[in-house]
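The values are calculated or read from the model by the stated rules, or taken from the named source; none is laboratory data. This one's a predicted model, so the numbers in the text were calculated from it and none came from an experiment. Here the Cβ is made from the backbone with ideal geometry for all residues, glycine too, and neighbour counts use every protein chain on show. Surface accessibility is based on the protein's heavy atoms, side chains included, excluding ligands, DNA and RNA. Shrake-Rupley method; radii C 1.70, N 1.55, O 1.52, S 1.80 Å.
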Amino acid sequence: MFLLDVNGYIISWNTGAEAIKQYKAEEIIGKHFSVFYTPVDKARDYPSMELKEARAAGKYEEEGWRVKKDGTVFWANVIITPVYDKENKLIGYSKITRNLSERKKAEDDLYKAYEELKESEERFRLLIDGVNDYAIIMLDPAGNVSSWNEGARRLKGYEAHEILGKYFAKFYSREAIQQGFPDYELKQATKNGRFEDEGWRYKKDGSAFWANTVLAPIYNAKKELVGFSKITRDLTERKKLEQQLFRINEDLKESEEKSRLLIDSVKDYSILMLNPDGIIMSWNSGAERIKGYKASEIIGKHFSIFYNREAIASGFPQFELKTALANGQFEDEGWRIRKDGSAFWANVVISPIYNLDKRLLGFAKITRDMTEHRRNEELMRRNSELMRINNELDSFVYTASHDLKSPIVNLEGLISALEEDLGPDAAKHQMLLSRMGGAINTLKNVINDLSDVTKLQHVKEAPENVNIQGMVEEVKESLSDVIAASKAEIEVNLVGFDNLRYPRKNLRSIIFNLVSNAIKYADPQRAPKVVVTTSVSETGDCVLSVKDNGLGIAENQLDKIFAMFKRVHDHVEGSGIGLYLVKKILDNSGDKITVKSELGKGTEFNVYFLKQESTAS
């Protein structure tokens with residue numbers, strides 16, 4: 001008993017097959033089953049015909065001469081049955097072979113003896129009685145038992161005197177008798193010259209056995225029907241083996257189906273099987289999701305299709321399989337290629353799969369898409385680097401804002417002393433002295449702004465209820481000289497809320513910097529107009545807007561204006577710290593600022609105080 005694949009190549013081998021045909025498993029597995037056929041049968045392609053008939057009829061059975069390893073022939077009963085999976089796809093054939101050389105010899109001997117001794121009934125009876133492994137009996141033309149041998153007694157349990165003269169239907173089930181099957185056998189044997197069947201038959205004690213029965217009509221010299229020969233063999237053990245094989249096959253299909261369903265349910269991992277050469281044999285939904293191929297597109301191709309050109313050229317896929325065989329497993333991370341050509345960072349584990357005989361069946365390959373994980377690690381690394389740089393920058397700003405104050409005071413004192421020393425001549429150098437004083441004032445403002453930045457890191461301001469109108473008026477007072485000189489118009493429209501709970505000093509810094517920038521970067525062709533409004537967004541955020549009609553900001557500069565010391569327009573004096581300070585304040589409080597601008601028309605800043613539980617009214 002052994003299994004064939006769909007093309008007739010042997011894929012399993014049992015001890016019974018070895019005993020009958022003399023081949024060991026390692027000698028025969030992988031060869032075509034036609035090796036057991038005679039040259040005549042091979043020449044007429046008889047093995048292929050058997051497979052075709054098995055597929056068409058669901059089973060093929062026949063008897064004929066077969067060839068052993070040593071070249072000798074034996075008479076075989078062959079049953080070939082196609083094997084299908086749960087989806088009714090052909091996956092191979094089961095082939096059961098019985099050595100019937102003895103039965104064939106018995107039949108041949110019987111026929112020869114009958115031909116030679118048909119005139120000597122006694123010698124014929126002695127011959128039949130000498131066969132113990134077969135029930136060989138004679139029936140009269142009506143089907144009544146007319147002879148009984150030792151094999152029949154051993155197989156069916158009746159003594160000769162108990163059964164002679166009885167209708168042979170006594171060996172059949174009640175259902176078979178009711179259906180008229182015994183009479184049908186006699187008619188078919190008479191019509192076709194022979195009738196063979198397998199089925200359940202019954203002994204004297206009522207127990208059942210699986211029987212192979214051959215019924216043949218017997219004629220005299222005048223071609224008159226004188227009865228039937230009936231040869232029966234007990235095939236119960238073979239039937240049990242067939243049933244066991246069927247159960248094993250069903251259990252295997254069920255187990256394979258469960259495994260397939262389990263693997264197919266995994267979406268986050270690509271789980272596939274490779275044959276020993278690296279050819280893809282199975283494909284799950286996770287593999288389709290990660291790599292983009294459908295099963296019909298990828299099964300049968302080499303797994304190196306997922307690797308880049310350099311890896312293929314260096315033989316890396318083959319290296320993976322060799323290492324997995326040597327170490328029992330191979331794990332790696334690297335770039336792999338999807339169907340659409342895009343790359344992803346993969347974690348790959350390859351494990352060899354062996355059968356019970358330690359023969360390599362292939363490899364299990366599990367792949368996980370780690371692209372997002374790798375990206376997150378890279379972002380974390382960059383964030384850590386930025387945090388380090390920011391901390392160093394904060395330390396520098398903190399040190400600079402304190403250490404530069406004394407030199408500035410000294411410079412102011414030196415300029416005052418210089419003016420006194422110049423006396424009346426100071427008027428001649430007034431422009432130079434004014435520029436020096438202005439430069440010192442600008443430096444003082446930068447240091448004060450830097451000091452404000454460092455305080456954000458080291459001083460936590462407590463929130464309080466701040467009136468927006470009052471705060472804008474306070475800022476206008478501070479900028480009164482600038483407003484008067486530029487003839488700026490400040491308009492306040494508080495439609496969304498009047499009050500906001502926020503650290504007062506920080507809110508003043510935000511409004512001061514936004515309003516002063518709006519006036520500072522005014523268009524020379526028109527008087528500056530600044531509109532301050534409040535509103536509440538759809539998500540409940542309090543929004544403070546400052547809009548101007550100034551120079552505007554180029555689109556490619558919008559993402560840079562909040563950087564320290566960044567200035568878009570260099571013709572206007574400034575430190576480049578104001579907007580950085582506003583962004584820093586809002587970042588620390590978990591709020592945000594956005595900007596919209598158009599060159600030549602103006603800029604609008606929107607400050608979002610997120611989910612503000614304020615006294616807004």
Original post:
Using the Cα atoms as the points, what is the convex hull volume per residue of the range 2-100 in Å³?
Top reply: 92 Å³
Subject >> HIS302 - accessible surface, heavy atoms, 1.4 Å probe, Å² rounded to 10 >> reply: 50 Å²
Original post:
In percent, how large is the relative contact order of the range 460-609, given Cα pairs closer than 8 Å and 6 or more residues apart?
Top reply: 22 percent
Original post:
Summing Lys, Arg as +1 and Asp, Glu as -1, what charge do residues with Cβ under 12 Å from the Cβ of TRP200 carry, TRP200 excluded?
Top reply: 0
Subject >> Cβ-defined net charge surrounding ILE11, 12 Å radius [Lys, Arg +1; Asp, Glu -1] >> reply: +2
Original post:
Taking H as built 1.01 Å from N, whose amide H comes closer than 5 Å to the amide H of ASP541, not counting residues under 5 places away?
Top reply: LYS611
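Rounded to two decimals, what is the ratio between the C-alpha radius of gyration of the range 296-374 and 2.2 N^0.38 Å?
This ratio for the range 296-374 stands at 1.16.
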**OP:** Convert each backbone phi in the range 301-309 into a coupling constant with the Karplus relation 6.51 cos²θ - 1.76 cosθ + 1.60 (shift: θ = phi - 60°), then list the ³J(HN,Hα) values in order as whole Hz, x for Gly and Pro.
**Re:** 9, 6, 5, 5, 4, 8, 9, 6, 4
**OP:** Enumerate lysine pairs in the range 131-239 that are 8 or more residues apart or on different chains, then count those whose Cα atoms are under 19 Å apart.
**Re:** 22
Subject >> Computed over the range 131-239, Cα set: Rg, Dmax in Å >> reply: 13.2, 42
Original post:
trypsin sites (Lys or Arg not before Pro), restricted to the range 1-50: which are DSSP loop and have at most 14 other Cβ atoms within 10 Å?
Top reply: LYS24, LYS31, ARG44
